[in-house]
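Some notes on the structure that comes next.
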Amino acid sequence: MSNIDVQKKIALINDVTGFGRCSIAVMAPIVSAMKIQAVTVPTAILSAHTQFPEYYFDDYTSKMREYIQTYEDIGLEFDAISTGFLGSEEQVDIVIDFINKFKTDRNFVIVDPVMGDYGKLYKTYTPAMCAKMKKLVEHAEIITPNLTELCNLLDVEYPEGPVTIEELKTMCIELAQRGPKHIVVTGIPFNKSQIANFIYNKDEDFQIVMVDKIGGDRSGTGDVIASVIAGMYMNGHSFYESVKKAADFATKCIKYCEKNNVPNHWGLCFEMYLGELIE
Ligand code: PXL
């Protein structure tokens, strides 16, 4: 089917959240601005994301296999497959099955191994989930962990003090041996005013993209970054260029949010700058 379609398609396996700018609500418009067709594969439906004091949550796990079956039946092909927050072991199994069905030598998988932050795993993250996530990462060409997720994927203690370049290199080299060709470790605290994104390209080199630290953490930042990287890479840019564009775009959105006192849990006002993603 893909040869009758001039546009590229990405499968977005992620949650559909009404308010708070995360997951598919962020990723679909971002890749669309980059002229890529977004194909939504919902993992859950929420009225607002989990940082709000109240939200409606409808787990979609039991419906996913039937939903996905359509795409097999109509012979759909994807140019990329992306995954984000996953809520259960079974969901990870479904995603791995999806990859086994739809991965070809003409497409790639990008996994954001959403597991935790600040050295701690999220409450929903059991050791069994961690084990599954390690399996999923083996299928990915690109992964976008933060430092907490990198350490957990490797069973390494979260560093007490600042992480060194040597430590990052060693960890990325080890993780790349399991499959991923491109790794970006996002949001590494560097100093009071800067954040580093550490890039490792397997058997090639490493690079660092520095950004200014502006305000506190904003929900959905990871989803903005992952979708810009996916879109840029699909459109033929290098991994470095993709990460650089993603980091600069996120910074611009965050600056706007800060200037306009947008609450941190309302996510990034990416709508203001979508035009800058159009090539
Ligand atoms: O990527 C952030 C995110 C995605 N999905 C859900 C969330 C969050 C952040 O809290 O709650 C449901």
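Observations on the model:
- Long-range neighbours under 7 Å by Cβ, at least six apart or interchain, first residue within 16 Å of the ligand (Cβ to nearest atom) within the range 57-72, second open to solvent by 70 Å² or more (accessible area, probe 1.4 Å): T61/E90
- All positions within the range 1-23 that are away from the ligand (no atom under 13 Å from the Cβ) and open to solvent by 30 Å² or more (accessible area, probe 1.4 Å): M1, S2, N3, I4, D5, V6, Q7, K8
- Residues in the range 222-238 that are polar (S, T, N, Q) and in a helix (DSSP H, G or I): S227 alone.
- Filtering the range 126-147 to residues that are hydroxyl-bearing (S, T, Y) and buried (at least 19 other Cβ atoms within 10 Å of the Cβ) leaves only T144.
- Residue in the range 24-42 that is more than 10 Å from the ligand (Cβ to nearest atom), in contact with a Ser or Thr (Cβ under 8 Å, 6 or more places away or on another chain) and open to solvent by 70 Å² or more (accessible area, probe 1.4 Å) present: no
- Of everything in the range 50-89 that is within 15 Å of N14 (Cα to Cα) and part of a helix (DSSP H, G or I), the residue that is most open to solvent (accessible area, probe 1.4 Å) is R65.
- Residue match in the range 195-205 (condition: under 29 Å from D15 (Cβ atoms) and not in a strand (DSSP E or B)): no
- Within the range 239-279, tally of residues that are open to solvent by 50 Å² or more (accessible area, probe 1.4 Å) and polar (S, T, N, Q): 3
The values are calculated or read from the model by the stated rules, or taken from the named source; none is laboratory data. What you see is a predicted model; the values in this text were computed from it and never measured. A quick note on method: Cβ atoms are made from the backbone with ideal geometry, for glycine too, and the neighbour counts reach across all protein chains shown. Just the protein is used for accessible areas: all its heavy atoms, side chains included, with ligands, DNA and RNA removed. Shrake-Rupley method; radii C 1.70, N 1.55, O 1.52, S 1.80 Å.
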